[in-house]
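Some notes on the structure that comes next.
The values are calculated or read from the model by the stated rules, or taken from the named source; none is laboratory data. For clarity, every value in this text was computed on a predicted model and none was experimentally measured. We place every Cβ from the backbone using ideal geometry, glycine too, and count neighbours over all the protein chains shown. Just the protein is used for accessible areas: all its heavy atoms, side chains included, with ligands, DNA and RNA removed. Shrake-Rupley method; radii C 1.70, N 1.55, O 1.52, S 1.80 Å.
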Amino acid sequence: MTKDLTPSQLVVLGLIARHGPLTPYDLKAKVEASVGHYWPIPHAQLYRDPPRLAELGLLREEAEEHGRRRRVFHLTGAGREALRDWLADPTTLEPETRNPALLKLTFADLGAPGQVAELAATQAAQHRRWRDTYQDLRTRLDPQAPDTAARTRLLTLGIAHEQSYVAFWEALAADPKGTGEARPELGG
């Protein structure tokens, strides 16, 4: 069954398993605070997925009888089993990379001189900001939270990823006709 589930549906199952019953609005906030940094999910999807998962028996829907009548979704035994099956499978889909800067860099030779250096400098600054954000998030993790180890791993990978982008773009900004490969300093 898990092969038929979309990544966003698996995220919904995982977040409800970790945090307990959630509304679609709660899911939106949890995505923004966690996987949204590397796996953005449109908000509308977070309102469509839970009812579909409830139809499949993986979630149970409970509507509030009073007040705003929010729809709260609970993980079922089948949902927990589907999540465990997915986690037990060490294979994943191929990674997706949709980076507008890389698309621009693909055709940079068709542009005006100097544009590569400008693009590289802008990208280096952006990736430094993201790296610094991830470092800040890692220092502010609650050591008592149940997801601290998982979030630390992801932030550590994110920091390393961003640092490699910083090194590439800084090297390209310094030598726009080069390959972007950082060159070791010549020592004496």
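Below, the figures for the structure above:
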item	result
Where GluC sites (Glu not before Pro) fall in DSSP loop in segment 80-188, at most 15 other Cβ within 10 Å	Glu96, Glu181, Glu185
Identified option (computed percent of Cα pairs over 20 Å apart; candidates (i) 59; (ii) 52; (iii) 65)	(iii)
In degrees, nearest ten, helix 77-88 long axis to first principal axis of the chain (Cα)	30
R0 of 35 Å, Cβ-Cβ distance Glu96-Tyr25: FRET efficiency to nearest 0.05	0.85
Accessible surface ranking that places the most exposed of Thr106, Thr152, Thr23 first, with a 1.4 angstrom probe	Thr106, Thr152, Thr23
Sequence-distant residues sharing a close amide H with Leu59 (under 5 Å, placed H)	Ala54, Thr76
Length released on extending from Glu65 to Leu110, taking residue separation times 0.36 nm less the Cα-Cα span	10.0 nm
With Cα atoms, 0 to 90° folded angle of helix 24-33 axis to the chain main axis	30
Cut-off of 10 Å, at most 14 other beta carbons, DSSP loop: longest stretch of the chain lacking such trypsin sites (Lys or Arg not before Pro)	1-67
Rounded tilt (10° steps) of 115-139 against the dominant C-alpha axis of the chain	40
Net charge dipole size for the chain [Lys, Arg +1 and Asp, Glu -1 on Cβ; Debye, nearest 20]	400
Å² of accessible area per residue within the chain, as computed with a 1.4 Å probe and no ligands counted	68
